[in-house]
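Notes follow the structure.
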Amino acid sequence: MVVDNKGRVTFVRVLKEDLSIIRVSPLDGQPIPDFKAGQFVTLGSYIENEKKIIRRAYSIASSPHQKKYFELLIRWVRKPLPGRLTTDLFNKVEGDDVIWVKPVGMFTINEKMHDGTPDNRRLVLMGGGTGLAPFVSYSLHLKEIQSHREIVVLHGASYVDELSYKEILTDLEEESLDKGRDKWNFRYRASISRPQEWFNRSWGGQKGRVESFLKLDSDKELSVLEEVVGEKITPENTSFYVCGWQGTVDGALHYLVPKGFVTERNKRKDGSFDIKFESYG
Ligand SMILES: Cc1cc2nc3c(=O)[nH]c(=O)nc-3n(C[C@H](O)[C@H](O)[C@H](O)COP(=O)(O)OP(=O)(O)OC[C@H]3O[C@@H](n4cnc5c(N)ncnc54)[C@H](O)[C@@H]3O)c2cc1C
Ligand SMILES: NC(=O)c1ccc[n+]([C@@H]2O[C@H](COP(=O)([O-])OP(=O)(O)OC[C@H]3O[C@@H](n4cnc5c(N)ncnc54)[C@H](OP(=O)(O)O)[C@@H]3O)[C@@H](O)[C@H]2O)c1
């Protein structure tokens with residue numbers, strides 16, 4: 001049974017007309033319940049036109065070690081019709097009430113291999129648009145527990161102002177350079193999928209959708225991701241996590257499956273797998 005909790009919007013950062021970061025805190029001042037990086041919280045609001053509460057899932061971007069609020073990265077859905085909950089959420093101001101349901105979800109970091117040994121493989125975290133949100137939580141959590149795993153965050157967005165956590169992720173990479181990769185091994189790369197548009201004229205990085213990091217051009221031996229990490233990517237050395245549109249997941253699988261990577265949903269007989277994904281739409 002769904003148990004609704006009362007919450008308050010405590011922070012709104014409008015990145016652009018249809019993209020915001022919001023924080024939701026419990027109204028009773030209690031700490032937020034424990035959750036795992038990668039899980040989602042359900043938000044709800046009474047929608048007058050529908051005469052009912054509409055609830056929707058949002059991946060938590062904040063760290064599970066931070067107990068004051070859930071931070072969420074939300075797109076206002078406009079087409080073909082204005083989304084019922086997001087239209088309401090984008091009209092909320094700091095101090096407004098919102099319903100939340102305790103976090104759940106299976107899109108969490110795999111810590112152990114199928115045989116119970118630690119999964120020490122490189123983590124490649126691929127987010128399309130708001131699909132970055134769970135990986136911000138992963139990164140903050142891994143930092144907090146002083147993980148020594150190699151982490152590569154890849155973010156794909158249409159426009160440069162949609163690189164929503166660029167500062168935090170760049171800082172995490174800087175820290176890696178300052179401290180040494182033996183202590184904290186983190187990389188962040190972004191890709192812009194509409195580089196020809198005037199608004200993106202300042203972009204000099206990777207061009208194309210996020211899965212383009214995996215593409216092997218015929219005149220090259222390594223994909224861009226492989227150039228970044230300095231070796232061939234194999235199921236033995238790397239695990240993938242993909243979040244965003246189903247097309248983003250399909251795009252990643254298109255490159256990875258022929259290389260022998262296997263999804264959690266289609267795991268090998270011994271229970272092993274190399275790719276986890278979460279998508280919708
Ligand atoms: C696990 C999970 C995590 C998620 N995390 C995030 C996240 O971090 N950030 C994020 O922004 N989103 C996230 N989502 C998506 C989110 O849950 C909502 O689906 C999304 O915000 C749209 O909700 P809405 O009520 O505004 O739209 P809805 O009203 O549900 O509309 C959905 C779509 O249907 C269309 N539509 C609505 N009514 C009609 C109609 N009568 N006829 C034709 N078309 C119609 C709308 O135009 C829209 O395209 C996540 C989803 C899942 C499953
Ligand atoms: N945990 C979850 O399950 C979770 C969490 C957060 C978000 N989501 C979902 O992820 C999706 C991302 O939404 P968004 O508004 O943030 O994305 P967006 O900004 O519209 O797009 C992000 C990137 O994905 C590309 N893209 C768009 N449609 C695509 C498709 N069909 N196939 C492959 N790539 C595509 C875009 O390329 P172009 O510039 O070429 O369009 C852009 O580079 C939504 O469905 C959202 O609900 C899921």
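The values are calculated or read from the model by the stated rules, or taken from the named source; none is laboratory data. What you see is a predicted model; the values in this text were computed from it and never measured. Positions of Cβ are generated from backbone atoms using ideal geometry, with glycine treated the same way; all protein chains shown enter the neighbour counts.
Can you name every residue in the stretch 196-224 that is surrounded by fewer than 17 Cβ atoms within 10 Å (Cβ to Cβ) and within 16 Å of ligand 2 (Cβ to nearest atom)?
Across the stretch 196-224, the qualifying residues are GLN196, GLU197, TRP198, PHE199, ARG201, GLY205, LYS207, GLY208, LYS215.
Looking only at residues of the stretch 1-23 that are in a strand (DSSP E or B) and either free of Cβ contacts under 8 Å to residues at least 12 places away in the same chain or within 16 Å of ligand 2 (Cβ to nearest atom) (or both), we find that the one that is surrounded by the most Cβ atoms within 10 Å (Cβ to Cβ) is ILE22.
Among the residues making up the stretch 47-59, those that are basic (Lys, Arg) and either in contact with a His (Cβ under 9 Å, 6 or more places away or on another chain) or surrounded by 15 or more Cβ atoms within 10 Å (Cβ to Cβ) (or both) are ARG55, ARG56. Look at the stretch 117-135: where a residue is within 19 Å of GLU71 (Cα to Cα) and not assigned by TED's automatic domain parsing to the domain that holds GLU150, no partner that is away from ligand 1 (no atom under 15 Å from the Cβ) and part of a helix (DSSP H, G or I) sits 6+ places away or on another chain with Cβ atoms under 7 Å. In the condition set (1) free of Cβ contacts under 8 Å to residues at least 60 places away in the same chain; (2) aliphatic (A, V, I, L, M); (3) under 17 Å from PHE186 (Cα atoms); (4) not assigned by TED's automatic domain parsing to the domain that holds LYS232, ILE151 is compliant with all but (4).
Is it the case that some residue within the stretch 241-255 is out of contact with any Gly (no Cβ under 7 Å at 6 or more places or on another chain), part of a strand (DSSP E or B) and of a type in the set (Gly, Ala, Ser)? No, that holds for no residue.
For the stretch 225-281, taking the residues that are under 21 Å from the mean Cα position of the chain (by Cα) and exposed (fewer than 14 other Cβ atoms within 10 Å of the Cβ), the one that is modelled with the lowest pLDDT is identified as GLY281. For the stretch 256-281, filtered to residues that are part of a helix (DSSP H, G or I) and farther than 15 Å from ASN110 by Cα, the residue that is nearest to ligand 1 (Cβ to nearest atom) is ASN266.
Have a look at GLU111, GLU71 and point out the one that is of a type in the set (D, E, K, R), out of contact with any His (no Cβ under 7 Å at 6 or more places or on another chain) and outside the structural domain of VAL12 (by TED's automatic domain parsing).
Details: GLU71 fails: outside the structural domain of VAL12 (by TED's automatic domain parsing).
Step by step, each of GLU111, GLU71 is checked, and only GLU111 is of a type in the set (D, E, K, R), out of contact with any His (no Cβ under 7 Å at 6 or more places or on another chain) and outside the structural domain of VAL12 (by TED's automatic domain parsing).
For the stretch 60-102, the tally of residues that are buried (at least 17 other Cβ atoms within 10 Å of the Cβ), among the aliphatic types (A, V, I, L, M) and more than 9 Å from ligand 1 (Cβ to nearest atom) stands at 3. Can you find a residue in the stretch 90-107 that is in contact with an Asp or Glu (Cβ under 9 Å, 6 or more places away or on another chain), acidic (Asp, Glu) and part of a loop (DSSP other than H, G, I, E, B)? Scanning the stretch 90-107, I find no residue that is in contact with an Asp or Glu (Cβ under 9 Å, 6 or more places away or on another chain), acidic (Asp, Glu) and part of a loop (DSSP other than H, G, I, E, B), so the answer is no. Exactly one residue out of SER137, SER191, SER164 is within 20 Å of the chain's Cα centre (by Cα), assigned to a loop (DSSP other than H, G, I, E, B) and buried (at least 18 other Cβ atoms within 10 Å of the Cβ), and it is SER164. The set of residues in the stretch 39-68 being within 16 Å of ligand 2 (Cβ to nearest atom) and either assigned by TED's automatic domain parsing to the domain that holds SER137 or not in a loop (DSSP other than H, G, I, E, B) (or both) consists of PHE40, VAL41, THR42, LEU43, ILE54, ARG55, ARG56, ALA57, TYR58, SER59, ILE60. Residues that are within 16 Å of ligand 2 (Cβ to nearest atom) and of a type in the set (Lys, Arg) within the stretch 82-101 comprise just one, ARG84.
Cβ separations smaller than 8 Å between residues 6+ apart or across chains give the following pairs from the stretch 205-220 residues that are at positive phi to residues that are away from ligand 2 (no atom under 13 Å from the Cβ): GLY208/LYS215. Looking only at the stretch 103-141, count every residue that is among the small types (Gly, Ala, Ser) and more than 16 Å from ligand 2 (Cβ to nearest atom) and tell me the total. Result for the stretch 103-141: 1.
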